[in-house]
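A.B. asks: Take a look at the following structure, please.
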Amino acid sequence: MIYYLLSMLLFLIGLYGVLVKRNLIKIIIGLVLMEYATFLFLALVGYKKGGTAPIITKGFEKAVFVDPLPQALVLTAIVIGLATTALLVSIAVRIYQRYGTFDIREIRRLKG
Amino acid sequence: MNLIPLFIALPLGAAFLLPILRYRNFDKQKTGQANPAVILGKWSKRTPDIVANLINLTLLVLSLMVINRGMLVYKMGGWEPFKGIPIGIYLVLDGLSVLMLLIINSIGFLAALYSVNYMEKYTDKTRYYTLFLLLIAGMNGVVLSGDMFNLFVFLEVAAIASYALVAFGTEAEELEAAFKYQVMGTVASGFILLGIALLYSFSGTLNMADIARIINQQGIQGTVLFVGALFIMGFGLKAAIMPFHAWLPDAHPSAPAPVSAMLSGVLIKAIGVYALVRILFNVLGLGETKSILYILMVLGIISMVAGALLALGQRDFKRLLAYSSISQIGYIVFAFGLGTPLGFLGGLFHLLNHATFKSLLFLNSGAIVYATENRDLEKMGGLLERMPVTGTTATIASMSIAGVPPLSGFWSKLIIIMAAIQAEQFIFALIAVLISIITLAYYLKVQRLAFFGKLGQAWKKTKEVPGLMCASMIILSLLCLGLGILLLPGIKSMILDPAVEVLKNGAQYANLILGE
């Protein structure tokens, strides 16, 4: 149970970073934390106490296996997360080239 | 032959093929040697145009072919269900998916046609079409997917392509908008993934039909309601419903015009509204839960009112259109929130109509930018004289969105208001009527400032845009004029009725797919 709560806490820390921080890079880090908290939660969903890797071999036919599906999902989601983070960082770099700052208070050419 | 996988495979394949082929060609220019891998002949400047438009045309034809086929299920990789429990990934084509496929692929085709000339001023057409085709592949995947996680993956494909397309011009404003859009979009994806994880821990399966069956058996519990709330947040952000709308007025105007048309016309509906109603009504079976329906109705009304009021004060043409999109999405979400068959009909029909007239208006704004390099309404004036096609089609679209009979927008708004009265939501119906009048007001302002009045001194030499851009605007304006015929009994039973049927059946969705 404590792990579920910790992953939720991590999610909230990430959300806090996105909402409060003023630096583009820190916002990106907040987003990454949120993503990782979700991945952790997904992996926990498939975990069983004392479970082993779900590979059926001799002597392990009756063992408790963890659920492999969430692990496959997490792998896919990590790849997606890589793509979003890479795009986000490259946009942040281009923004730095244009505005010369990472501070969102100074990146305000669009009117609200 | 089963046509369903082609909707995803064709655009996805072409999206990967285009940059590879171009890279091979660069190879040849550098070394002077013909690369044996080039099989499609010479690469010319027009190749990406031709390939992308052919693919989009094929997709449009395919989506016309699947009308009225009933329900089709495609099991990816040929994984048959084991003891009645689905194992592989399902692609499901039912009435609702057919309607969405028609919208995505017709607007996609017309936007690609428009891009041929419009995108000349940008440097890299190959990459543009790659992203454009990825966007289409992602949206087709979302509307066809019968599996929660698969839906999430396609949603991310479409979303990432759209972030990159918003930033495509790499000017300061575009990058700023793209960053804002992507931060909001990633937060939304986080909520959606969290919802999917909770749903998996609750039901032990990811197949949408299987989840629906398990929730049917166990009844709606706290977990399901919490997941519903997470999805309203996540997909609400993607659909730009009011408290989650802040990114849209920046992101949609910053993109190149055909992309704005795709984003505002199709994307917010395919990965926002469609996914939301599909999951809430068909998977979670919340179609009769009063609290959820009420939330949808209130969110819809708030977006309707606030979007329209904010649109009134805008001077930038594209920004006004973006706020108008929020307002119209409000109508659609409100209609779904009514939870009656008539409400579903109104919502789906308005979704279709909004796709046509809003993409047409964005293409019109693009035509004005193309001809005059200007988006400020106050500086335009009398453009109808110099740009007759753009002016006329924009007038048709504005009248349609404002609900002037007999144009398409009138019918869908009429159905929504009738459905609200039928559901005894009199105050909300009154608000919907009032907002419709405000909509008329701000579109009349657009007409007066941009197209009528005295021709500005600066625009004396403005020319009408090239033929292909005109063609796609004319086709869209004909759709705005004629879509009302979809309500005629014979035609209604082909396209709109099956889609309404899917939502009306709610959790029966499970039995239809699992075949019990």
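A.B. asks: Answer yes or no: is there a residue in segment A:7-19 that is more than 9 Å from chain B (Cβ to nearest Cβ), not hydroxyl-bearing (Ser, Thr, Tyr) and not in a helix (DSSP H, G or I).
C.D. replies: No, there is no match, as no residue in segment A:7-19 is more than 9 Å from chain B (Cβ to nearest Cβ), not hydroxyl-bearing (Ser, Thr, Tyr) and not in a helix (DSSP H, G or I).
A.B. asks: Continuing with this model, one more query. Name, by its number, the condition in (1) part of a helix (DSSP H, G or I); (2) in contact with a Leu (Cβ under 6 Å, 6 or more places away or on another chain); (3) surrounded by fewer than 24 Cβ atoms within 10 Å (Cβ to Cβ) that does not hold for B:Glu378.
C.D. replies: If we test B:Glu378 against (1) part of a helix (DSSP H, G or I); (2) in contact with a Leu (Cβ under 6 Å, 6 or more places away or on another chain); (3) surrounded by fewer than 24 Cβ atoms within 10 Å (Cβ to Cβ), just (2) comes out false.
A.B. asks: Another question about this same structure. When segment B:295-311 is examined, which residues are found to be surrounded by fewer than 23 Cβ atoms within 10 Å (Cβ to Cβ) and over 14 Å from B:Ala335 (Cβ atoms)?
C.D. replies: B:Ile295, B:Ile302, B:Val305, B:Ala306, B:Leu309, B:Leu310 - these are the residues of segment B:295-311 that are surrounded by fewer than 23 Cβ atoms within 10 Å (Cβ to Cβ) and over 14 Å from B:Ala335 (Cβ atoms).
A.B. asks: Another question, then. Looking only at residues that are facing another protein chain (nearest Cβ under 7 Å) and under 19 Å from A:Gly30 (Cα atoms) in segment A:69-87, which one is surrounded by the fewest Cβ atoms within 10 Å (Cβ to Cβ)?
C.D. replies: A:Ala83
A.B. asks: Any residue at all in segment B:103-114 that is surrounded by 12 or more Cβ atoms within 10 Å (Cβ to Cβ) and at pLDDT below 85? Give the steps one after another, and end with the answer.
C.D. replies: Initially, segment B:103-114 is screened for residues surrounded by 12 or more Cβ atoms within 10 Å (Cβ to Cβ), giving B:103-114.
If we keep only those that are at pLDDT below 85 too, we end up with none.
Checking segment B:103-114: not a single residue is surrounded by 12 or more Cβ atoms within 10 Å (Cβ to Cβ) and at pLDDT below 85.
A.B. asks: Have a look at B:Val465, B:Val433 and point out the one that is of a type in the set (Val, Ile, Thr), crowded, with 16+ Cβ neighbours inside 10 Å and at negative phi.
C.D. replies: Numbers: B:Val433 fails: crowded, with 16+ Cβ neighbours inside 10 Å.
That would be B:Val465, the only listed residue that is of a type in the set (Val, Ile, Thr), crowded, with 16+ Cβ neighbours inside 10 Å and at negative phi.
A.B. asks: Turning to a different aspect of this structure: Report those helices (runs of 4 or more DSSP H) wholly inside segment B:128-220 carrying at least 1 residues which are within 12 Å of another protein chain (Cβ to nearest Cβ). Break it down stepwise before answering.
C.D. replies: Working: elements: B:148-166, B:172-203, B:208-218.
So the answer is B:148-166, B:172-203.
A.B. asks: What helices (runs of 4 or more DSSP H) lie completely within segment B:416-516 and have 3 or more residues being closer than 22 Å to B:Tyr331 by Cβ and of a type in the set (A, V, I, L, M, F, W, C)? Talk me through it step by step, then tell me what you get.
C.D. replies: Working: elements: B:426-446, B:467-482, B:489-492, B:496-505, B:509-514.
In segment B:416-516, the matching helices (runs of 4 or more DSSP H) lie at B:426-446, B:467-482, B:496-505.
A.B. asks: Does any residue of segment A:88-103 turn out to be within 22 Å of B:Phe202 (Cβ to Cβ) and either away from chain B (no Cβ under 11 Å) or without any contact (Cβ under 8 Å) to a residue 12 or more places away in the chain (or both)?
C.D. replies: Taking segment A:88-103 first, the residues within 22 Å of B:Phe202 (Cβ to Cβ) are none.
For segment A:88-103, residues within 22 Å of B:Phe202 (Cβ to Cβ) and either away from chain B (no Cβ under 11 Å) or without any contact (Cβ under 8 Å) to a residue 12 or more places away in the chain (or both): absent.
A.B. asks: Which condition number does B:Leu342 fail, the rest of (1) more than 29 Å from B:Asn505 (Cβ to Cβ); (2) more than 18 Å from the chain's Cα centre (by Cα); (3) touching a residue at least 60 places away in the same chain (Cβ under 8 Å) being met?
C.D. replies: Every condition holds for B:Leu342 apart from (1).
A.B. asks: Right, here's the next one. Does A:Phe39 satisfy the criteria of being more than 8 Å from chain B (Cβ to nearest Cβ), over 23 Å from B:Gln182 (Cα atoms), surrounded by 14 or more Cβ atoms within 10 Å (Cβ to Cβ) and hydrophobic (A, V, I, L, M, F, W, C)?
C.D. replies: On the way: more than 8 Å from chain B (Cβ to nearest Cβ): yes; over 23 Å from B:Gln182 (Cα atoms): no; surrounded by 14 or more Cβ atoms within 10 Å (Cβ to Cβ): yes; hydrophobic (A, V, I, L, M, F, W, C): yes.
No: the conditions fail for A:Phe39.
A.B. asks: Could you grab me the full set of residues in segment B:1-22 that are small (Gly, Ala, Ser) and within 20 Å of the chain's Cα centre (by Cα)?
C.D. replies: Quick first cut of segment B:1-22, residues small (Gly, Ala, Ser) only: B:9, B:13-15.
B:Ala9, B:Ala15, listed by residue number.
A.B. asks: Next question. Give segment B:237-256 a look and list any residue that's closer than 29 Å to B:Ser115 by Cα and either under 15 Å from the mean Cα position of the chain (by Cα) or among the aliphatic types (A, V, I, L, M) (or both), or say none. Before the answer, list the steps.
C.D. replies: Let us first name the residues in segment B:237-256 that are closer than 29 Å to B:Ser115 by Cα, namely B:237-241, B:245-256.
Result: B:Leu237, B:Lys238, B:Ala239, B:Ala240, B:Ile241, B:Ala246, B:Leu248, B:Ala251, B:His252, B:Ala255.
A.B. asks: If you don't mind, there's one more thing I want to ask. B:Arg213 is checked against (1) surrounded by fewer than 20 Cβ atoms within 10 Å (Cβ to Cβ); (2) over 24 Å from the mean Cα position of the chain (by Cα) and fails just one. What number does that condition carry?
C.D. replies: (1)
A.B. asks: Right, B:Met184: within 24 Å of B:Pro249 (Cα to Cα), surrounded by fewer than 22 Cβ atoms within 10 Å (Cβ to Cβ) and not charged (D, E, K, R) or not? Walk me through how you get there before you give the answer.
C.D. replies: Values: within 24 Å of B:Pro249 (Cα to Cα): yes; surrounded by fewer than 22 Cβ atoms within 10 Å (Cβ to Cβ): yes; not charged (D, E, K, R): yes.
It is true that B:Met184 is within 24 Å of B:Pro249 (Cα to Cα), surrounded by fewer than 22 Cβ atoms within 10 Å (Cβ to Cβ) and not charged (D, E, K, R).
A.B. asks: So B:Ile87 ticks every box in (1) at pLDDT below 90; (2) away from chain A (no Cβ under 12 Å); (3) surrounded by fewer than 23 Cβ atoms within 10 Å (Cβ to Cβ) but one. Which box is left unticked?
C.D. replies: (2)
A.B. asks: Taking segment A:42-60 as the region of interest, how many residues are surrounded by 14 or more Cβ atoms within 10 Å (Cβ to Cβ) and more than 8 Å from chain B (Cβ to nearest Cβ)? Write out each step before concluding.
C.D. replies: From segment A:42-60, those surrounded by 14 or more Cβ atoms within 10 Å (Cβ to Cβ) are A:42-46, A:54; that's our starting set.
Remaining after also requiring more than 8 Å from chain B (Cβ to nearest Cβ): A:43-44, A:46, A:54.
The number of residues fulfilling the criteria is 4.
A.B. asks: State which residue is nearest to B:Ala499 (Cα to Cα) when the search covers only segment B:94-127 and only residues that are polar (S, T, N, Q) and either assigned to a helix (DSSP H, G or I) or touching a helix residue (DSSP H, G or I) at 6+ places or on another chain (Cβ under 9 Å) (or both).
C.D. replies: The initial filter retains those residues of segment B:94-127 that are polar (S, T, N, Q), namely B:97, B:105-106, B:115, B:117, B:123, B:126.
Subsequent filtering for residues that are either assigned to a helix (DSSP H, G or I) or touching a helix residue (DSSP H, G or I) at 6+ places or on another chain (Cβ under 9 Å) (or both) retains B:97, B:105-106, B:115, B:117, B:126.
Details: B:Ser97: 8, B:Asn105: 17, B:Ser106: 17, B:Ser115: 31, B:Asn117: 35, B:Thr126: 36 Å.
Out of the qualifying residues, it is B:Ser97.
The values are calculated or read from the model by the stated rules, or taken from the named source; none is laboratory data. Remember, predicted model here, so these are calculated numbers, not experimental data. In this analysis, Cβ positions are derived from the backbone assuming ideal geometry, glycine residues included, and neighbour counts consider all displayed protein chains.
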